[in-house]
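Undergrad: First, the structure itself, so that you have it in front of you.
Computed from the coordinates by the stated procedures, all read-outs in this text should not be read as laboratory data. In this text the structure is predicted, and so the values were computed from the model without any measurement. Don't worry about glycine lacking a Cβ; one is built from the backbone with ideal geometry, like all the others, and counts go over all protein chains shown.
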Amino acid sequence: MKDTETERPHPPRDPWRVLVAVAQVPETGLHRDIEADPRQRQALADIAGLREVLSAEASFDVTPKSGGRFHVVGSVRGRVGQTCVVTLEEIENEIDEEIDLIFAPPDQIPQMAALAEEAERSDAEIPDPPEPIENGMIDLGRLATDALFLAIDPYPRKADAVFEPVVEAADPEDHPFAALKALQAAPKTPGGNKPKGKSNGK
């Protein structure tokens, strides 16, 4: 018989989407403050395997550069509910992550990647690879999501939690001299050790 129980739907890949059209970014730049709503926070928690995401917000400044590129700087802040790996208690962790990236048209990505490889071979300072502008848009929500996920502690621990390995008490029977001691304490069998004396033979 087929199980008719309704399965929980998978969360969307990008639950927190905030699109900015680069053609509408003024020459003086654009500032955006964004915040994930409860539904988006639940989806983020499901994707990241968190108990919950209590808050998630970000601030961005998008500034146009030459060649159709855009400089995006900002920060993402959040509070996530996790489980201590030592005590298994529920804990909450704060996240505050800085963001500083260049977005470029897709046709410029290979050229800029080649420049990064050349800088690596010459031991020069290696610039961060640019992110592609997709369909004329920069997704600030996805950018904030990626930064949030990268900042999550994979092994969360309560501030005063100390891992104490279980130490088993030593078994006295395992002592190297335990067997010898047992032999010495064993009762002697009758006739086992007859005293030496003169025989009564004729």
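Undergrad: How big is the Kirkwood radius of segment 19-151, worked out from every pair of different alpha carbons and given in Å to one decimal? Each step should come with its number before you reach the end.
TA: Details: mean 1/r = 0.0605 Å⁻¹.
Here the Kirkwood hydrodynamic radius works out to 16.5 Å.
Undergrad: While we're looking at this one, here's another question. Mind giving me the FRET efficiency for LEU19 and ARG51? R0 is 30 Å, r the Cβ-Cβ distance, nearest 0.05 is fine.
TA: 0.55
Undergrad: Exposure proxy check: ASP160, ASP46 ranked by fewest other beta carbons within 10 Å?
TA: ASP160, ASP46
Undergrad: Counting other C-beta atoms within 10 Å, which of LEU150, LEU101 has the fewest, and how do the rest follow?
TA: LEU150, LEU101
Undergrad: Right, next: Provide VAL86, VAL80 in ascending order of the number of other Cβ atoms located within 10 Å of each residue's Cβ, fewest first.
TA: With the fewest neighbours first, VAL86, VAL80 line up as VAL86, VAL80.
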